[in-house]
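**Q** Have a look at the structure that comes next, please.
Coordinate-derived values only; no laboratory data. Keep in mind that this is a model prediction, so the values were computed, not measured. Note that each Cβ is placed from the backbone with ideal geometry, even for glycine, and that neighbours are counted across all protein chains shown.
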Amino acid sequence: MALSFCGNDRGSSAYSVDNGVLDNGCFVDALNLVPHVFLLFITFPILFIGWGSQSSKVQIHHNTWLHFPGHNLRWILTFTLLFVHVCEIAEGIVSNTQMESNHLHLFMPALMGFIAATTSVVYYHNIETANFPKLLLALFIYWILAFITKMIKLWKFAEASLGVQQLRFCITALLVVLYGLLMAVEINVIRVRKYVFFANPQKVKPPEDLQDLGVRFLQPFVNLLSKATYWWMNPLIIKAHKRPIELKKIGKLPIAMRALTNYMRLKDSYEEQRKTEDQDKSPSIWKSMYRAFGGPILLSSTLRYMADLLGFAGPLCISGIVEHLDNSIEIDRTNKTGNMTFGVYFMSSTELLQNTSVLAVLLFLALVLQRTFLQASYYVTIETGINLRGALLAMIYNKILRLSTSNMSMGEMTLGQINNLVAIETNQLMWFLFLCPNLWAMPVQIIMGVILLYYLLGESALIGAGVILLLAPVQYLIATKLADTQKSTLDYSTDRLKKTTEILKGIKLLKLYAWENIFCDRVEETRGKELTSLKTFSLYTSMSIFMNVAIPIAAVLATFVTHAYIEEVRLSPARAFASLALFHILVTPLFLLSTVVRFAVKALVSVQKLSEFLQSDEIGDDSWRNAEMPLQVGSKYKHHGITKVVNRKGRYRMDNYEQPMRRQLRPTETEDVAVQVNGGYFTWGSNLSTLSDINIQIPTGQLTMIVGQVGCGKSSLLLAMLGEMQTIRGKVYWSKLPDYEVLYDGSIRKNRYSVAYAAQKSWLLNATVEENITFGSPFNIQRYKAVIDACSLQPDIDLLPFGDQTEIGERGINLSGGQRQRICVARALYQNTNIVFLDDPFSALDIHLSDHLMQEGILKFLQDDKRTVVLVTHKLQYLIHADWIIAMKDGSVLREGTLKDIQTYDVELYEHWKTLMNRQDQELEKETEMESQTILERKTLRRAFYSREAKSQTDDEDEEEEVEEDDDDNMSTTTSRRSKIPWKMCCRYLSSGGFLMVFLMVSSKLAKHSVMVAIDYWLAAWTSSNQHNQSLADPFVNATNYTKNDDAQIAEHRSYVPVFIILCGAAIALCLITSLTVEFLGVAAATNLHHNLLNKIIHAPIRFFDVTPLGQILNRFSADTNIIDQHIPQTLESLTRSILLCLSAIGVIAFVTPAFLIALVPLMVAFYFIQKYFRVASKDLQDLDDSTQLPLLCHFSETAEGLTTIRAFRHEARFKQRMLELTDTNNTAYLFLSAANRWLEVRTDYLGAVIVLTAAVAAIWTSSQSGLVGLGLTYALTVTNYLNWVVRNLADLEVQMAAVKKVNSFLSTESENYEGSMNVSQVPEDWPQHGEIKIQDLCVRYDTMLKPVLKHVNAHINPGQKVGICGRTGSGKSSLSLAFFNMVDVFDGKIVIDGIDICKLPLQTLRSRLSIILQDPVLFSGSIRLNLDPECTCTDDRLWEALEIAQLKNMVKALPGGLDAVVTEGGENFSVGQRQLFCLARAFVRKSSILIMDEATASIDMATENILQKVVMTAFADRTVVTIAHRVHTILTADLVIVMKRGSIMEYGTPEILMEQEDGLFASFVKADM
């Protein structure tokens, strides 16, 4: 039979045109070809040839700019057009099978139309990105021609009285409408752009975002197809494979998504409610959220509904395919002639849908569309959620900046609460938005599902649905329980972390006292509680997973068994498998529903907290700060200009420096008052006034001092002037500057209304030292140097690893109190403001520093600039420098005036001050004797870094690898390393879980999946049984023929039921077992890993702690342990489940239709590449998200802590800007991460759809048994859901395994050698009884890599001798003390104590028999008893006796609980001196005959030191005491003095003999110290 366009049926007059040309149907079809061919002829040359030469007029870096209006509408119409063309082709081909010969005209024009439509959209896209509108004319002409030709066809159909019941008529009508609409879109472009028919075409500018090269997030700007498939992400994801994604690569956010834009939207809708509704009611956050972000949520919900409805196409298509497989062979040709018009066959739409191939294609298209809509819906909600979070963060931040200080200090709003708002509540709301569309989409999905089931199975379907609905509340219950357990687990882990931190901070002491195991057990005990809670958590998690898998099995079981017994109709495979697929669809919403409800509840709570926060008090509007001051100043200042200079000499005779003469004040300046308070009553929020009746004036350009006792309101006075306190009544006036002083230095304008303020509690930013000092002002090198010098910061800066570019603050390096305070003062000095407020800047400084600061900083630097300085201080010796003094007492001003005034008018006060000054002077002399506190602080800093540098070679393996990666641009190696899955770590993790659990997990998983396949296979066999009776006939016809007398058949039918029940039961049991084994495998692994980690670290040599930063060790115990505890088990479970499901599905399909395996190969290759690229990019983006989150949270807590400072400096705007930048950076990372997830899911979903299509086509062509085909297709449908989970779980697991890797890297540290070569039994019970020490040729080093610190030291100490060791910093004194405890590497020589070489002793024994008092007092949280005697071996009397010796007995008696009184973390509730005395008592409780004191008196005042000396002489009279001395005068009474230098002994003998050697070291030390 030849192919001919019009067909050559017998006797047909296909080519005759007797009745008129247009009445020949074939000719009309040919006419329809014309426009398509026209378009192809015109566009192809333009696309292929003219393209290179045309360049866009506007240079722009993205080719994504969409120039023409109606863009999205055009894409949607074109896609619809393509779909209709596909239907037309299908209809044509199927109709063609009904004809005698092939009629090409039935489907050929449709095919050409399809090609032309595709071409049109490609052509359009190219023109649009190149902005060449004139070429659109070709399309315009095409739409007109196509519209006309289709109209003719439709008109002819109508003439032949064909109607809607004929499918071809409907298709033609649809096409006419579509072409008409497309024509309208084209006319609209002409109307807007005027590119033709108009004189002046319109010029266009690209949107602002696209002109900015920094914007890399293109989702809003690309065309619809690229939007739907995330095609624009390709370059990013593929490049990530070569080198990691950095922040630069992801650029900035588009303007519409920036936090500021969204904040304005939210704020406007929030404020609007204030105006419209009654004033008393607080505005609702829900309403403002709805007004600001309601639109996108509606869009997302619409997309979601469409996706859900399309989801039901799957089961229906399957049922159709299975049902018609058997009937497709026989086609009824009887009524052919009835539907012939124009000599061709017209079919109805139901007929078309009975064709299996058509159904397969439909199934494919439905899946693709459903997935596209679903991902689009997800994306829109996520974008909205991120926008909402940005807006909320900005809102919270603005509120923080306006919070009243009393709120913060009175504890209504703690820092913790604010951090929670930022870290938890905003995220809860964001997550709620993500899940929001589910709230209204799910009920619809469930109702639809149940209706369809009822249609397929009748009443028995309701039973299955009932089972599902009954079990849903159980799910919810489990979900809430899960949340509770998680909370309690969190509490325990915080507690455990606190204890671990304490151990790590005091590790030196623990080792020296051999207490590490006791404290280790304390942590293990808490960990035990945490693990119990974790087990509960695991139990609930596994229950939740179990419910999720078991519910559909139970429902299917209930349904099919009841169906077998109730209904008389035998279950056909078509219905069985369609309902099976429906049950699978129903489970997801039910499983998610519990989560969504939980999140909704959480969101309600969060909103409640947020609105409370937004309603809390704010500080008043401080417009007065820049007001004119209306007051004329009285004449009381006129003459004190001269007296000052006289008073100022007199003091500081010992320093002999002259005070430079101050220049005489110009009369105009004297009259100036900078700040004045009149009748001020101020409060901190309660109605009691803290400050009452304040009338003060602060003279401009002079130094005012505020003095008074502790707690008399000095700081409050400063804050009241800054407007931080609530004013009950009274006024604060700030003056304007005289005009001539506004321009200063010609260049820098003084910032008139900001005040440089240094608070009492020092506040640092997480930034470099330089940024902390300049604080946003322009950097001026001379000024900076001068300030650093005035605050004597240079020596401290030199010690930092990167100088003043070192990060300090919470996350940076910890500085001591004095260093922090000096940086804060430096910040106040550096700022170029007229007024400087310093709140007790000397409190943490020793005398030299404060003198230097006073002279250089305050008197020279500030006064030369003629800045007004207000100084709160306790150091009365500085009063003589003051130009004006304000004395305070109990919240009111006692006196105000110059020192001279006070001397004349208030003799009593002056005398009181004088006695105090004398006392301070004595202290001063004492202080100068000791090696000052500052030197000590610097020393600790140096120690920290010195040891760190040495370690840096062997630091963290992770870091090393990263460094290597960066150097290595050699592609292949980097790539392979970046895309490898860490199998080694997985094995390591599983082996920690124990072999038995792993075996159980693997076997039960395999068994479970086999049983689940068996259930479905049995169902296929059952439904296909005895089908031979009705092989060709329609199953519906047969159903009616069933009568009661076919009892045998029914009995046979029911005989399948018992096996089915048994299989389902087994499956449910196995589900329970697998979910439990995985979770408990996780618990076992977590237990082992943490236990090993803790033991390794606690027993590591002290050197390990010197070189490993504390933060790094703590991270292993916090973040990494948390991941191992809670995240890995779930990821592992999900991963194994998805992989096994995918494998079993592919296995089943291959079993049903082996031909499918051929198609599988290219699919697997595609899948491999998608997951490979995605995992790398996802990991990078995840890291970016994490690393950008931390600075954001820190910025919030930092701002809340430094509120007063920020407000005094008037830097709110700068901080807001910084917050917006940080938020945007974090949001960018998060957006890209979610876009990458969508990228992956769209691709895996399309792959899944292709799998379904190939499976269906293979099944149709090989025409296998219908039951099995149903089985295969049902499984193919599940694959689409699980493919992307495989990849996402793989990516997650990879990130999470990094935690195991980090923990593992610590597990390889060497432990100290605890055994020793002697047995414990060989050591006498009371050793060392005498305390005789022989040091023979001792050489010591800290590490085998390092130089020795002690070289060939020899000494002999007799029992009961008091020995002093002295020498400069770094001479090896401390190392010698550590050598007694075998804490350092003794590689030559030995120490013999009472005849035993200490290196041979077990460490525990050695360390428990000696005692030591360390330089820094260390106390642990717990009770006093625990601190003195953690082993609980001593009686109470012994403890009291020790406390009495240490002069602490009365103080402890006074505490509630006595010996069991609470010690807070680090002993913060005792003063430093008291802590040192506790340490002494601790040493005394352990009655050993040797005591070593390591610079124990360095950090305490004179009084405490005297006590210590006395105690040592009396209580330790009969013991050997080795003192390592800071200040030589403490060892002048010793029996023996050892002077060390550079690790060897220089002088050795009694102090008297050594003093006589004039040029000796000891003598020079003593001289220097006198």
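**Q** Positive end of the dipole of the stretch 340-483, charges at C-beta (+1 Lys, Arg; -1 Asp, Glu), about the Cα centre: which of Q475, M395, Y454 has its Cα farthest in that direction?
**A** M395
**Q** Right, here's the next one. Mind listing the phi-derived Karplus ³J(HN,Hα) values for the stretch 118-135, rounded to whole Hz, using 6.51, -1.76 and 1.60 with θ = phi - 60°, and x for any glycine or proline?
**A** Per residue, the Karplus-derived 3J(HN,Hα) values read 4, 4, 4, 6, 5, 4, 4, 4, 5, 5, 5, 5, 8, 6, 10, x, 4, 6 Hz.
**Q** Computed FRET efficiency, Cβ-Cβ of L137 and L477, R0 60 Å: what is it to the nearest 0.05?
**A** On the way: r = 66 Å, r/R0 = 1.11.
Result of the calculation: an efficiency of 0.35.
**Q** Then there is this: Which distance in nm do the two modelled labels at I115 and T1433 give, with both placed 7 Å along the Cα-to-Cβ direction?
**A** 9.6
**Q** Further question: Return the inverse of the average 1/r over all pairs of distinct C-alpha atoms in the stretch 82-146, which is the Kirkwood hydrodynamic radius, in Å to one decimal. If you can, show how the numbers build up before the last one.
**A** Values: mean 1/r = 0.0747 Å⁻¹.
With all distinct Cα pairs of the stretch 82-146 included, I get 13.4 Å.
**Q** Name the long-range amide H neighbours of Y1548: under 5 Å, sequence gap of 5 or more, or other chain; modelled H, no Pro or chain starts.
**A** V1539
**Q** Check V1463: other-chain or 5+ apart residues with amide H under 5 Å from its amide H, H built from backbone geometry?
**A** Distant-sequence amide H within range of V1463: G1422, S1423, I1424.
**Q** Further question on the same structure: Any of K1334/K1541; K714/K914; K1334/K1487; K399/K602; K785/K875 with alpha carbons more than 25 Å apart? Name them for me. Don't skip to the answer; put the middle values down first.
**A** Working: K1334/K1541 20 Å; K714/K914 20 Å; K1334/K1487 21 Å; K399/K602 22 Å; K785/K875 27 Å.
Beyond 25 Å between Cα atoms: K785/K875.
**Q** To the nearest 20 debye, what is the magnitude of the charge dipole of the stretch 229-291 about its Cα centre, counting +1 on the Cβ of each Lys and Arg and -1 on the Cβ of each Asp and Glu? Numbers along the way, then the final one.
**A** Details: 14 positive and 7 negative charges, 130 e Å.
For the stretch 229-291, the charge dipole is close to 620 debye.
**Q** Taking 0.36 nm per residue of sequence separation and subtracting the Cα-Cα distance, how much length would be gained by fully extending the chain between E1558 and D1535, in nm to one decimal?
**A** Details: separation 23, 0.36 × 23 = 8.28 nm, distance 1.98 nm.
Between E1558 and D1535, full extension yields an extra 6.3 nm.
**Q** Still on this structure, please answer the following. Output needed: percent of Cα pairs per 10 Å distance bin for the stretch 1124-1259, bins running from 0 to the one holding the longest distance.
**A** Spelled out per bin, shortest first, that is 10, 25, 23, 16, 12, 8, 4, 1.
**Q** Evaluate the distance, in nm, between pseudo-label points positioned 7 Å from the Cα of Y1548 and of K267 along their respective Cα→Cβ axes.
**A** With each label placed 7 Å out from Cα toward Cβ, I get 7.6 nm.
**Q** Determine the gain in length on full extension of the stretch S1423-A1048; use 0.36 nm per residue of separation and subtract their C-alpha separation, reporting nm with one decimal.
**A** Values: separation 375, 0.36 × 375 = 135.00 nm, distance 8.34 nm.
Stretched out fully, the S1423 to A1048 stretch lengthens by 126.7 nm.
**Q** With +1 on each Lys and Arg Cβ and -1 on each Asp and Glu Cβ, how big is the dipole of the stretch 1276-1345 about its Cα centre, in debye rounded to the nearest 20? Intermediate results must be reported in sequence, preceding the final value.
**A** Numbers: 5 positive and 10 negative charges, 128 e Å.
Result for the stretch 1276-1345 is approximately 620 debye, rounded to the nearest 20.
**Q** Out of L853, V869, M888, whose Cα points farthest toward the positive end of the dipole of the stretch 842-904 (charges: +1 Lys, Arg; -1 Asp, Glu; placed on Cβ)?
**A** The residue sitting most towards the positive pole is M888.
**Q** Once you have all Cα-Cα distances for the stretch 1361-1466, histogram them in 5 Å bins from zero and send the whole-percent values.
**A** For the stretch 1361-1466, the binned pair fractions read 2, 9, 15, 18, 15, 14, 13, 9, 4, 1, 0 percent.
**Q** Here's another thing I want to ask about it. Per Stokes-Einstein, at 25 °C and 0.890 mPa s, what whole-number D in µm² s⁻¹ belongs to the stretch 222-319, with the Kirkwood radius over Cα pairs as the hydrodynamic radius? Don't skip to the end; give the middle numbers.
**A** Values: Rh = 17.9 Å.
Estimated via Stokes-Einstein, D reaches 137 µm²/s.
**Q** In Å, the Kirkwood hydrodynamic radius of the stretch 461-512 over pairs of distinct alpha carbons? Spell out each step's value before the answer.
**A** On the way: mean 1/r = 0.0683 Å⁻¹.
Hydrodynamic radius (Kirkwood, Cα only) of the stretch 461-512 equals 14.6 Å.
**Q** Round to the nearest 0.05 the FRET efficiency obtained for N8 and F41 when R0 = 25 Å and r is the Cβ-Cβ distance.
**A** Values: r = 29 Å, r/R0 = 1.17.
My answer for the efficiency is 0.30.
**Q** I've got another one for you. Put +1 on the Cβ of each Lys and Arg and -1 on the Cβ of each Asp and Glu in the stretch 100-197; which of F169, S101, L136 then has its Cα farthest toward the positive end of the dipole?
**A** Working it through, the farthest residue towards the positive pole turns out to be L136.
**Q** Please give the charge dipole size of the stretch 1143-1225, origin at the Cα centre, charges +1 on K and R Cβ atoms and -1 on D and E Cβ atoms. Round to the nearest 20 debye. Walk me through the intermediate numbers first.
**A** Numbers: 8 positive and 9 negative charges, 24 e Å.
Charge dipole, the stretch 1143-1225, about its Cα centre: 120 debye, nearest 20.
**Q** For S1308 and L1157, what does the FRET efficiency come to when R0 = 45 Å and r is the distance between their Cβ atoms, rounded to the nearest 0.05? Walk me through the numbers on the way to the answer.
**A** Working: r = 46 Å, r/R0 = 1.02.
Between S1308 and L1157 the formula returns 0.45.
**Q** Could you work out how far the C-alpha centroid of the stretch 1397-1427 sits from that of the stretch 1171-1197, in angstrom?
**A** Between the Cα centres of the stretch 1397-1427 and the stretch 1171-1197 lies a distance of 44 Å.
**Q** Using a 10 Å cut-off on Cβ atoms, rank the peptides 905-911, 140-146 from the highest mean neighbour count down. Kindly include the intermediate steps, with their values, before the conclusion.
**A** On the way: 905-911: 12.1, 140-146: 20.3.
For the peptides 905-911, 140-146, the packing ranking is 140-146, 905-911.
**Q** If you plug each phi of the stretch 857-870 into the Karplus form 6.51 cos²θ - 1.76 cosθ + 1.60 with θ = phi - 60°, what whole-Hz ³J(HN,Hα) values come out, in order, with x for Gly and Pro?
**A** x, 7, 6, 7, 4, 6, 6, 5, 6, 6, 9, 7, 10, 10
**Q** What are the ³J(HN,Hα) couplings of the stretch 480-485, residue after residue, when phi is run through the Karplus curve with 6.51, -1.76, 1.60 and θ = phi - 60°? Round to Hz, x for glycine and proline.
**A** Working through the residues one at a time gives 5, 4, 4, 4, 4, 4 Hz.
**Q** Would you mind calculating the relative contact order of the stretch 1393-1466 from Cα pairs under 8 angstrom and at least 6 residues apart, reporting the percent as a whole number? Walk me through the intermediate numbers first.
**A** Numbers: 42 pairs, mean separation 29.9, N = 74.
With pairs under 8 Å counted, the relative contact order is 40 percent.
**Q** Could the peptides 445-456, 24-35 be put in order, highest first, of the mean number of other beta-carbon atoms found within 10 Å of their residues? Show your work: numbers first, answer last.
**A** Working: 445-456: 18.2, 24-35: 20.3.
Per-residue mean Cβ counts within 10 Å order the peptides as 24-35, 445-456.
**Q** By per-residue mean of other Cβ atoms within 10 Å, what is the highest-first order of 467-476, 378-387, 567-576? Could the numbers behind the result be given before it?
**A** Numbers: 467-476: 16.0, 378-387: 23.3, 567-576: 21.3.
Answer by packing, highest mean first, reads 378-387, 567-576, 467-476.
**Q** For a quick check: with amide H placed at 1.01 Å from N, whose amide H comes under 5 Å from M99's, ignoring anything fewer than 5 positions away on the same chain?
**A** Here the answer is none, since no amide H 5 or more places off falls under 5 Å of that of M99.
**Q** Then there's this: How large is the Kirkwood hydrodynamic radius of the stretch 153-199, in angstrom, based on all distinct alpha carbon pairs?
**A** Details: mean 1/r = 0.0791 Å⁻¹.
Mean inverse Cα-Cα distance, inverted, gives 12.6 Å.
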